[in-house]
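Okay, structure first, notes after.
The values are calculated or read from the model by the stated rules, or taken from the named source; none is laboratory data. Just so you know, these numbers come straight off a predicted model, no measurement behind them. Cβ sites come from the backbone with ideal geometry, for glycine too, and all protein chains shown count toward neighbours. Accessible surface areas use protein heavy atoms only, side chains included; no ligands, DNA or RNA. Shrake-Rupley method; radii C 1.70, N 1.55, O 1.52, S 1.80 Å.
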Amino acid sequence: MEEARKGVLGHLNMLEMEANNLELKKQELRQRGRQEELNANLQALLSKRDQLKAEIKANTSLQKMRTLLDRTGFPYERNEDVDNLEDGSDNSQLLLMMARHTQLKDLLHAHHLIGGYDVLQTRKGKGVCVSLATAYEGVYLETYNLEIDLGSDLRIYRHNIPPFIPLERLVTQGNMQTDIKDFLDTLSQYLNAYAGRKQQLHLTKEIHSSVQVVESNALCTILVLMFTIPGEKAEATLCTLQYADHTQRLPTRVNIESEDTALVSSPQWKKNKALLLETPLHTALVTMKKTGSIA
């Protein structure tokens, strides 16, 4: 009985020792895993440190290259300082390309700040020439130039803006001294509206031979047209378009005159008047011809 009891105790002791050994191995594995995790974190931090050092060094070199490029005044001009900074390696070539890229980005940003207008330096930096392009329906038309004197106060040195565009009034109202972009935007709106009205008149003469242009002014703000009405008598009808808003390409008033008073007040010609107010002239005339309103 005593021997059996000793045998059971010995077995229990052995099991306890195995359990302790297993726990020790688990702790050892956990410590080893923790150590590996710490080592991995350390390596990641060291790698991040090296990356930041490399970025700081690259940015410093990039700033030096950019400063040297800015001295030339042109993004692609070479000078001795730039050549000295390059060592002929791929890294130096890449650095030069990056510096030129940032320079071009800054130039594009400046171009955006003045509304995207083309600007050319004149009179050795004493002035700038701004080009204002006009277009209608995707077709580029005339380009107007405005040279601005860069003195203590901005002033227009010379220009080829049409005389019927109220340039002096726009300079005062647009407050060119404090907001050059707003002034240029307003002037561009006037010029594009004028070019659009002029192009509509040109297309009307080109496309609609049956429509006679009786009268038009230089600004194309008053147009008097003569329509031929289909029928046995082929009566003529006068149409006057007035453009009171000179910043727009569509008329603000349409007046129809005809000896046939019933025609003027007819539902179809009321639609025609609305069409002329809402649609470019040459396009509206195509619709009117299709509906049989004009010959």
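Details
- A Cβ distance below 9 Å, combined with a sequence gap of six or more or placement on separate chains, defines the contacts here; from region 242-267, residues that are free of Cβ contacts under 8 Å to residues at least 60 places away in the same chain and at positive phi reach no residue that is open to solvent by 30 Å² or more (accessible area, probe 1.4 Å) and assigned to a loop (DSSP other than H, G, I, E, B).
- Flag not set for residue 170, criterion: of a type outside the set (Phe, Trp, Tyr), assigned to a helix (DSSP H, G or I), within 27 Å of residue 124 (Cβ to Cβ) and under 26 Å from the mean Cα position of the chain (by Cα).
- For residue 274, the stated conditions do not hold, so it cannot be described as hydrophobic (A, V, I, L, M, F, W, C), loosely packed, with under 12 Cβ neighbours inside 10 Å and more than 31 Å from the chain's Cα centre (by Cα).
- Scanning region 177-189 for residues being surrounded by fewer than 21 Cβ atoms within 10 Å (Cβ to Cβ) and not charged (D, E, K, R) gives a total of 6.
Listed here are the residues, each with its yes/no results for (1) part of a strand (DSSP E or B); (2) modelled with pLDDT of 85 or more; (3) open to solvent by 60 Å² or more (accessible area, probe 1.4 Å).
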| residue | (1), (2), (3) |
| --- | --- |
| 120 | yes, no, yes |
| 130 | yes, yes, no |
| 134 | yes, yes, no |
| 142 | yes, yes, yes |
| 149 | yes, yes, no |
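- For region 265-288, the condition holds for at least one residue, the condition being that it is of a type in the set (Gly, Ala, Ser) and part of a loop (DSSP other than H, G, I, E, B).
- Within region 250-268, if we keep just the residues that are under 24 Å from residue 206 (Cα atoms) and open to solvent by less than 30 Å² (accessible area, probe 1.4 Å), the residue that is modelled with the lowest pLDDT turns out to be 256.
- Residue check, residue 220 closer than 18 Å to residue 289 by Cβ and either open to solvent by less than 60 Å² (accessible area, probe 1.4 Å) or under 33 Å from the mean Cα position of the chain (by Cα) (or both): no
- Restricting attention to region 227-241 and to residues that are under 19 Å from residue 282 (Cα atoms) and without any contact (Cβ under 8 Å) to a residue 24 or more places away in the chain, the residue that is farthest from the chain's Cα centre (by Cα) turns out to be 236.
- Any hit, region 43-66, residues being open to solvent by 70 Å² or more (accessible area, probe 1.4 Å), closer than 30 Å to residue 121 by Cα and at pLDDT 65 or above: yes
- Note on region 72-82: among residues that are assigned to a helix (DSSP H, G or I) and surrounded by 11 or more Cβ atoms within 10 Å (Cβ to Cβ), the one that is modelled with the highest pLDDT is 72.
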